[in-house]
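Here's the structure we're looking at; comments come further down.
The values are calculated or read from the model by the stated rules, or taken from the named source; none is laboratory data. Here the structure is a predicted model, which means the values were calculated and not measured. Virtual Cβ from ideal backbone geometry, glycine too; neighbours counted across all protein chains shown.
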Amino acid sequence: MPDSAADQAASEALRANIDHKLLCQVATEPSVASKAEFYHALAQVAREQLAKRWVETQHADRQSQARRVYYLSMEFLIGRAMNNALSALDLRDQAALVFTPPGPSIDEVMECEPDAALGNGGLGRLAACFLDSMATLGLPSWGYGVRYEYGMFAQSIVNGQQVEKPEPWVQDRSPWEFQRASKHFTVHFGGTAEHHGEWAEWHAADAVEAKAFDHVIPGHGTERVSTLRLWKAAAPSEIDLGAFNTGDYQRAAELKNRFENISWVLYPNDSTSAGRELRLRQEYFFVSASMQDILDRHFTEYGSFDNLADKIAIHLNDTHPAIGVAELMRLLVDEHQMSWKDAWEQCRRIFSYTNHTLMPEALETWKVTLIQRVLPRHMLIIYRINQEFLDEVVRLYPGDIDLMRRVSLIDDGNGHEKDKRVRMAHLSIVGSHRINGVSQLHSDLMVQTIFADFARLYPERFHNKTNGVTPRRWLAQANPDLSSLLDERIGKDWRLDLDRLQGLRESADDRAFGASFAAAKRSNKLRLANYVSREVGINLDPDSLFDVQVKRIHEYKRQLLNVLHVITRYNALLDGTAVGCAPRSVIFAGKAASSYHMAKQVIRLINDVAAVVNNDPRTRDMLQVVFIPNYGVSVAELIMPAANLSEQISTAGTEASGTGNMKLSLNGALTIGTEDGANIEIRDQVGAENIFIFGNNTAQVAAIRAAGYQPGDLYRDNPALQEALDKIDAGFFSPGERSRYHDVFNSLVHYGDHYLLLADYADYVAAQERVDTLYLTPAEWQRKAILNVAGMGPFSADRTIRAYADDTWNLKTLTNT
Ligand code: 26V
């Protein structure tokens, strides 16, 4: 049979399967089914095949007695599952043939799925990319997290301002999850701990039930899958029934809420450690359930814990699951009668830890008094770990009291009992055999700054693992036009071996290829422009340069520097000094933490500037500004393929890695960026002549600060900068409320400009001018864009995960047969 006939037959079989699911699972028929009903039926088809793969993978792992990795993370930013599942199951093309007019298209069906937004930003999305790579590489692997009822809030923009709405992503149930009715563990809180020598008895005051919900994470080019197990909190059934049976329904409802609130909502803050009790309870809740599950599985397979560290690796995605170190000790010593010494030895071989930020305000610490009240046994364990650790420090550096104070797991609060805090990063380091940062620069700074003392004590533990992204979701699925072009040029293998992209280098000067490359970009820009027109009511010119900054709104990411450039450009267009400008559409998207005033001001300013600039007939053809609401995985899948320019402009030394920078470059955007995070490695790969690097580097930033930075001088000495800042301050963009942005102006000019926007302004504007010049030479621009894609091989999450498997987890890859 010719290929197309075979495809036709396969799609007929898929259609029959979907119709069957429509009938049996959704109770409807094709002629009257809605898009959402088609979506559910199609998901059921995929679900069935994923279930089969899951069972086979578990069987293979048990049979081979494989060593497994458990990836513990408070956040997994999965997004939609359908397109990825269909691709992995090789059903994507067939599904496109099934959904044809007059019915809905496959895209319309897939758009019915809500995003699983169980994360804030980079850290959570990285965890999702890693699961994809672990499955694809055939690693025996599990992710563990929280099944939040409400994930990241939905953002809308009302009168230019961010408004947050709760997002109940599961509603009733998700077709992608498998509830494991038999998998539940009790997690305790509060009460007292009674010492019996080495071990202790914990008389807890409260108990919560953790119920398991599994998501099957398909591998690509393999039948193997990975598992994401998420825990939902529930009242223990005996308590529930107790109140119910006595007819006290209100009390029963209150109790149910009190227990279930633990997994209710994701903390939508990625900037400060709030130190709230519910957050600590969330952390311990999912960690304890995961540890119990891990030990349970191990004991079922081996009947002993003696070989635990030979068979499992546990990874801490930042410090959020760090209490796991104390929990594993508790379970082994108190519940399974292992000696402290043996348990500690295992523990240190089992754990590894990734740090994702150097920002002091995001480093987690918990009040000792809080841990004592919520987890009394764990506090004792932490004290003992600390004691033994400090004994070791004394042996190595006798008499260095200051060092002991600096590295202690406990910040002594200057002697005030109530101010004592547990430093979760220190607990993670002491309990782990490997610690890593997420780009070369970040890993270097980590051992030079926040963890310098530990790097001196344990140099062999510190490593770098530069982040990566999955090329399946971020290129193959998000950018089908560019993908087919790549398939024609370099074959299809880049999906599983991203280094193949190097093969594009020889096509960089090929005019015909350049033209097809540009055509793919243009059709992606049109798709985004249509979306923006529908959602925001702004019509973007698809031939203008799409200048994109999409990420959480944060002062260190410097969206405000981008705004200063926009205003400068607007001013130059008005007074006729803008020569050699290319038409631009400056596109922003991102959420602000609800309590982060300055970040919300930045969103409002962007919208206020957009309102003025977009409505000015004198500049409209040359400059447009748009803020796309509700940035998340699915919106990113639309934006990344459509970008020409990728803004990665954080103050040098502040962005640990960045992963949006990788997605944008992978989709053929050129980067304008500072020497920060993975930008440096991207430059090394794509070539310094194919990227716009500007601004002060980390050494210069340190020198500027040390010399006593005076942003006011820069303001006075640069007329263009002054004009832009004065317009903000004078209310030019907020005529209804002139004082609206005084605080923004002051934070830069009078209150120290902590992130050095003014110090980088002139060089940034100059770099933007070079961007224009290049864009006006399309063939040259295309050539550089192609070379960017060609250089992105190393930024596959497959490369990152292979390195973790080799250096950190000591894991081998498996096949199912
Ligand atoms: C921080 C905090 C602070 C305590 C309260 C809850 C909470 C939740 C999330 C975070 C996240 C901060 C760390 C983070 O997201 N880092 C980002 O990690 C990315 C993946 O490694 C990296 O690419 C980004 O540069 C880095 O900012």
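Worth pointing out:
- Within the range 162-177, residues that are under 12 Å from HIS215 (Cα atoms) sit with their Cβ atoms under 6 Å from residues that are aromatic (Phe, Trp, Tyr), at 6+ positions apart or across chains, in these pairs: GLU177/PHE213.
- Some residue of the range 445-461 being within 16 Å of the ligand (Cβ to nearest atom), assigned to a helix (DSSP H, G or I) and either closer than 30 Å to ARG80 by Cα or modelled with pLDDT of 95 or more (or both): yes
- Inter-residue pairs, beta-carbon under 7 Å, first within 21 Å of THR659 (Cβ to Cβ) and more than 16 Å from the ligand (Cβ to nearest atom) and in the range 677-700, second modelled with pLDDT under 95 and basic (Lys, Arg), 6+ apart: none
- When each of LEU390, LEU409, LEU375, LEU358 is tested for being within 30 Å of GLY121 (Cβ to Cβ) and free of Cβ contacts under 8 Å to residues at least 40 places away in the same chain, the lone residue that passes is LEU409.
- Filtered residue count, the range 463-485, keeping only those that are away from the ligand (no atom under 16 Å from the Cβ) and either free of Cβ contacts under 8 Å to residues at least 24 places away in the same chain or aromatic (Phe, Trp, Tyr) (or both): 3
- Test: residue in the range 144-161 that is farther than 21 Å from ALA46 by Cβ, out of contact with any strand residue (DSSP E or B) (no Cβ under 9 Å at 6 or more places or on another chain), buried (at least 19 other Cβ atoms within 10 Å of the Cβ) and in contact (Cβ under 8 Å) with a residue 24 or more places away in the chain: no
- TRP142 hydrophobic (A, V, I, L, M, F, W, C) and modelled with pLDDT under 95: no
- In the range 706-751, counting only helices (runs of 4 or more DSSP H) that sit wholly within it, the ones holding 1 or more residues that are under 17 Å from GLY160 (Cα atoms) span 719-730, 742-749.
- Selection of the range 577-590 for residues being touching an Asp or Glu at 6+ places or on another chain (Cβ under 8 Å) and assigned to a loop (DSSP other than H, G, I, E, B) yields GLY580, CYS581, ALA582, PRO583.
- Among the conditions (1) over 25 Å from ARG434 (Cα atoms); (2) more than 16 Å from the ligand (Cβ to nearest atom); (3) surrounded by 18 or more Cβ atoms within 10 Å (Cβ to Cβ), the only one that GLN292 does not satisfy is (1).
- Residue in the range 606-620 that is out of contact with any His (no Cβ under 6 Å at 6 or more places or on another chain) and within 16 Å of the ligand (Cβ to nearest atom) present: no
- The residue pairs whose first member lies in the range 318-341 and is closer than 29 Å to LEU363 by Cα, whose second member is of a type in the set (Phe, Trp, Tyr) and within 16 Å of the ligand (Cβ to nearest atom), and whose beta carbons are closer than 6 Å, counting only pairs six or more residues apart or on different chains, are ILE323/TYR284.
- Pairs linking a residue in the range 651-668 that is without any contact (Cβ under 8 Å) to a residue 40 or more places away in the chain to a residue that is within 12 Å of the ligand (Cβ to nearest atom) and hydrophobic (A, V, I, L, M, F, W, C), with Cβ atoms under 9 Å and 6 or more positions apart or on different chains, are ASN661/ALA678; ASN661/PHE795.
- Scope the range 385-403; condition surrounded by fewer than 17 Cβ atoms within 10 Å (Cβ to Cβ) and not in a loop (DSSP other than H, G, I, E, B); matching residues: GLN387, GLU388, ASP391, GLU392, VAL394, ARG395, LEU396, ILE401, ASP402
- Residue in the range 262-270 that is more than 21 Å from the chain's Cα centre (by Cα) and either more than 12 Å from the ligand (Cβ to nearest atom) or over 29 Å from VAL438 (Cα atoms) (or both) present: yes
- Test: residue in the range 422-429 that is under 30 Å from THR369 (Cα atoms), of a type in the set (Val, Ile, Thr), assigned to a helix (DSSP H, G or I) and in contact (Cβ under 8 Å) with a residue 60 or more places away in the chain: yes
- Sole residue being closer than 14 Å to LEU228 by Cβ, modelled with pLDDT of 95 or more and not basic (Lys, Arg), chosen from VAL45, VAL69, VAL55, VAL32: VAL69
- Among the residues of this structure, ASP444 counts as one that is more than 17 Å from the chain's Cα centre (by Cα) and without any contact (Cβ under 8 Å) to a residue 24 or more places away in the chain.
- SER31 satisfies every condition listed in (1) of a type in the set (S, T, N, Q); (2) assigned to a loop (DSSP other than H, G, I, E, B); (3) over 15 Å from GLY103 (Cβ atoms) except (3).
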